[in-house]
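To keep things clear, I will list the structure first and then write my remarks on it.
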């Protein structure tokens, strides 16, 4: 660091001189922010507006020679009156609710245990985090292998531990297990994420608060519910927000696991959208579908963020 | 924290917690261990019914990952010169000969270029923007910051169609540049928010002193702020890299021959009649290593990164 | 330091990309990543020495093959000069001008489509179907066939028990219903200390699996897509009583003759099930048969093959592909030279010997052909009765609708076969209405 006295001894540079030697602060500010804004406008906002426009047409991206017609709200009406799509939305809701439930429950419990700061907690944390470093493509593909009744690990372990014959059930097949199997895989992969956030929350609680509670002779149980939980809640809600948004748009892992089956039991709305857009190439129709999903997630997220801010203020 | 603090958990509760977490770690790592061990199985062992826990290790999976093999007519096979290398021998044992290298190397290199390229660009642009938001009066600052955050909420498929059409027009389909820009756009919101938190914490006095010392703003940014923000930049980089490294959906849609990354390639390696599970597992293992090492090196910063900088040290 | 390294990396990447597009004495051939593709690499080495053109190959894994390649054609990509594409793409590829029409070239070079098996020319080359407008040269004949554990079938105690139960010898089934009986006979049986099952069949939900499997039964019962070709008149054809019976049959086979957990199975899973010794029989594409025959554990004298058994008619589901020149190629002459070379009878013979399924009559009509491989005779028989899915430009929509209807009925146990097929007509009618064809 330069010696301030030395620096003061030199002439303090006047703004004009600085402007000549370098750029003004205002220019620098714009220069620094502009590329980011420009990139987001080009790759997020412009395409979004384009999607809105396409959603009112019958355009198909794989038929360049066909005439494009404006069809008004027909795509939207078709989608909103389609029972199949409402069923897909319910599948998505089921998937979202239970993945969030299990990840919060297990993630928080783990963080709470790790926060006991036992010996080796640092190593275990690093190991637990590993599943989320895998590519969803690899995870989806490999779990079909793990779920295979005769040659996979899951049924083998169940037989080993409970004696239930491995071939007597199929995790991804009919029989109602499939929606739960995809929840298990997502929970396996992403619980560490929730755990890390909770851990960050727990570590942010200063010790003196517990010390004060201890002096007040509050029971451990009471401390947990009146101190720990409220203090960690904003973090938990943040975790739920991130996971919720991610799982709402996720499709790759489940496509590889079940392809939406058996029947349509695990056909998430995002998978259906991907099929309409990039397999059936109904571009106009799927644009409307995409907008409906986007409005849904944006609406839910906005309400949620308001609630989150309220919790933070408390 | 002192040893006699009343908030320090008791020895017994530590032990119980340690045991429970260890148990969870074992259960959660089982599938991962299974993947890694499958990489060292032979083809028949990998799909053995019932599954094999103990097996004779083989490098077949790794050899198959990096080569393409073909069968030759029986009499020709008999007359081949003896295998020259250990990997020739492994392929010969499967009754095949090596036809050439596989595309895995290229795909992996693409992943490196696109993953690290977009991480670098996200950090570069993100640092500039974060610095401006942290230090200067930017008009509509809060609105702009919220706008940047909100782009994170957009389902990729909502914009995938126009991006696909736009890239087709601009010739960015299946190019490294196109994918780098795309992943950067997805990651930049995270980068700006995280880095702003880090830069806010660097005392302004340092720069002011430098400015008085005759540095320009730009020089002060480069020589004073950047080194101070190094750890923050590193932790931001992990999260940008994890996303860009593993991304699958856009990679499948927008790339084919030139710029295809490894994730669309690995899960679908087909060997002699059917999925080549050892090769898939070998690919998954190799592909996990770089992010794993990166994470272990920077694990201290993981906690801050994951909460969008919401946690202060 | 890291920044410099990255800059170097991306510079290298850009220069590599630049190099790849410069050469025009190179050709890139695109196909799916599987055994026959690797054989084609070997085969093409002769072409490289003869022509001096360097061959590059882009093999896409099956699950992404259609998405990736249609995407490529669609976006006017320059990746492929030659494409061995699925038969169902023909309508779209011809109507959108993605493939070069080869009639003039065939005439000029004296390549006659009469030299190829008629079923393959019809399926792989023509659009509109059956007209002499050729967009591809038949490259890889394929159909869905069956294979079984010959060693298990031959065991005396099993033979005896089967005969006692069904009053006939245990042998390759000659009808779909016999196949079902054999599958049920093996289901849950103890062989060498392991519980084994009847047959592994296609049930995959996502892409085309269950349709390709179930049509094996549908075609054998006499299923037709239209009452008269080109009329899009499906009522009474798609949901005929025979079709309903066939679908009920396939469901029964799935429920009572397949191993647990094969509820989303396509080619890879069917092969895994057979190679791990779980099943007595399995269905799959002929393309995999050379690999299966060579398998050290379940190949050789433990395996034999049979054609999809008839019920009312003899029919098999068509697979396979023709080779086309991509209209966007920057090396048209080279691409055509490759087709000309590939059409040569000697090259076709070598192609077959390496595990590629030639469609050339010089290969197939050779009296010795049936002795060249244990599945050669079955292949000939299968190709005599192949039927294909719609090849309409909207085939993907038609296919995904069928996938959903079939999977819902067969695997997820919803509704009846009649309802599934009635629903399918409704779905398909909607597609054809959108297309302006109805």
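Checking the conditions here, which among B:98, B:163 is crowded, with 18+ Cβ neighbours inside 10 Å and in contact with a strand residue (DSSP E or B) (Cβ under 6 Å, 6 or more places away or on another chain)?
Exactly one of B:98, B:163 is crowded, with 18+ Cβ neighbours inside 10 Å and in contact with a strand residue (DSSP E or B) (Cβ under 6 Å, 6 or more places away or on another chain), namely B:98.
Report whether or not residue A:175 is within 14 Å of chain C (Cβ to nearest Cβ) and on the phi > 0 side of the Ramachandran plot. Considered against the rule, which asks whether it is within 14 Å of chain C (Cβ to nearest Cβ) and on the phi > 0 side of the Ramachandran plot, residue A:175 comes out as yes. In the stretch B:155-197, the residue that is modelled with the highest pLDDT out of those that are assigned to a loop (DSSP other than H, G, I, E, B) and touching a helix residue (DSSP H, G or I) at 6+ places or on another chain (Cβ under 6 Å) is B:172.
Conditions tested, residue by residue: (1) surrounded by 24 or more Cβ atoms within 10 Å (Cβ to Cβ); (2) more than 14 Å from every other protein chain (Cβ to nearest Cβ); (3) not in a strand (DSSP E or B).
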| site | (1), (2), (3) |
| --- | --- |
| C:181 | no, yes, yes |
| C:203 | yes, no, yes |
| C:210 | yes, no, yes |
| C:217 | yes, yes, yes |
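Highlighted here are the helices (runs of 4 or more DSSP H) found entirely within the stretch A:127-228 that include at least 3 residues which are buried (at least 16 other Cβ atoms within 10 Å of the Cβ) and without any contact (Cβ under 8 Å) to a residue 24 or more places away in the chain: A:136-146, A:153-162. Which residues, taken from the stretch C:386-401, are part of a helix (DSSP H, G or I) and either free of Cβ contacts under 8 Å to residues at least 40 places away in the same chain or surrounded by fewer than 24 Cβ atoms within 10 Å (Cβ to Cβ) (or both)? Residues satisfying the conditions are C:395, C:397, C:398, C:399, C:400, C:401. Evaluated against (1) at pLDDT below 90; (2) surrounded by fewer than 12 Cβ atoms within 10 Å (Cβ to Cβ); (3) within 10 Å of chain B (Cβ to nearest Cβ), residue A:26 falls short on exactly one condition, (2).
Within the stretch C:221-280, the set of residues being part of a loop (DSSP other than H, G, I, E, B) and more than 30 Å from residue C:128 (Cβ to Cβ) comprises C:258, C:259, C:260, C:261, C:262, C:263, C:264, C:265, C:276, C:277, C:278. Do we have any residue at all in the stretch B:256-269 that's within 7 Å of another protein chain (Cβ to nearest Cβ) and at positive phi? No.
Against the list (1) within 26 Å of the chain's Cα centre (by Cα); (2) surrounded by 17 or more Cβ atoms within 10 Å (Cβ to Cβ); (3) touching a residue at least 24 places away in the same chain (Cβ under 8 Å); (4) more than 7 Å from chain A (Cβ to nearest Cβ), the condition residue B:125 fails is (4). Checking residue B:53 against (1) in contact with a helix residue (DSSP H, G or I) (Cβ under 7 Å, 6 or more places away or on another chain); (2) within 11 Å of chain A (Cβ to nearest Cβ); (3) assigned to a loop (DSSP other than H, G, I, E, B), only one condition comes out false. Which one? Of (1) in contact with a helix residue (DSSP H, G or I) (Cβ under 7 Å, 6 or more places away or on another chain); (2) within 11 Å of chain A (Cβ to nearest Cβ); (3) assigned to a loop (DSSP other than H, G, I, E, B), only one is false for residue B:53: (1). Summed over the stretch C:128-155, residues that are surrounded by fewer than 23 Cβ atoms within 10 Å (Cβ to Cβ) and more than 19 Å from the chain's Cα centre (by Cα) total 12. Scanning the stretch C:30-78 for residues that are within 8 Å of chain B (Cβ to nearest Cβ) and on the phi > 0 side of the Ramachandran plot yields a single hit, C:76. Scoring residue B:104 on the criteria (1) in contact with a strand residue (DSSP E or B) (Cβ under 8 Å, 6 or more places away or on another chain); (2) under 26 Å from residue B:248 (Cα atoms) leaves a single failure, condition (1).
Among the residues examined, residue B:233 does not qualify as more than 10 Å from every other protein chain (Cβ to nearest Cβ) and not in a helix (DSSP H, G or I). The set of residues in the stretch B:61-108 being more than 19 Å from residue C:31 (Cα to Cα) and assigned to a loop (DSSP other than H, G, I, E, B) consists of B:72, B:73, B:79, B:80, B:81, B:82, B:83, B:84, B:85, B:94, B:95, B:96.
A quick yes/no check of all residues on (1) in contact with a strand residue (DSSP E or B) (Cβ under 6 Å, 6 or more places away or on another chain); (2) at pLDDT below 95; (3) within 30 Å of residue A:127 (Cα to Cα):
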residue: B:15; (1), (2), (3): no, yes, yes
residue: B:25; (1), (2), (3): no, no, yes
residue: B:42; (1), (2), (3): no, yes, yes
residue: B:47; (1), (2), (3): no, yes, yes
residue: B:57; (1), (2), (3): no, yes, yes
residue: B:67; (1), (2), (3): yes, yes, no
residue: B:84; (1), (2), (3): no, yes, no
residue: B:87; (1), (2), (3): no, yes, no
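For the stretch B:134-143, enumerate the residues that are surrounded by 16 or more Cβ atoms within 10 Å (Cβ to Cβ) and more than 7 Å from every other protein chain (Cβ to nearest Cβ). Those that are surrounded by 16 or more Cβ atoms within 10 Å (Cβ to Cβ) and more than 7 Å from every other protein chain (Cβ to nearest Cβ): B:134, B:135.
Go through the stretch C:79-94 and count every residue that is free of Cβ contacts under 8 Å to residues at least 60 places away in the same chain and within 14 Å of chain B (Cβ to nearest Cβ).
Final tally of qualifying residues: 1.
At least 3 residues being in the same structural domain as residue C:361 (by TED's automatic domain parsing) and touching a helix residue (DSSP H, G or I) at 6+ places or on another chain (Cβ under 9 Å) is the threshold, and among the helices (runs of 4 or more DSSP H) wholly inside the stretch C:53-169 those reaching it are C:62-74, C:90-95, C:103-109, C:118-125.
The values are calculated or read from the model by the stated rules, or taken from the named source; none is laboratory data. Computed from a predicted structure; not experimentally measured. We place every Cβ from the backbone using ideal geometry, glycine too, and count neighbours over all the protein chains shown.
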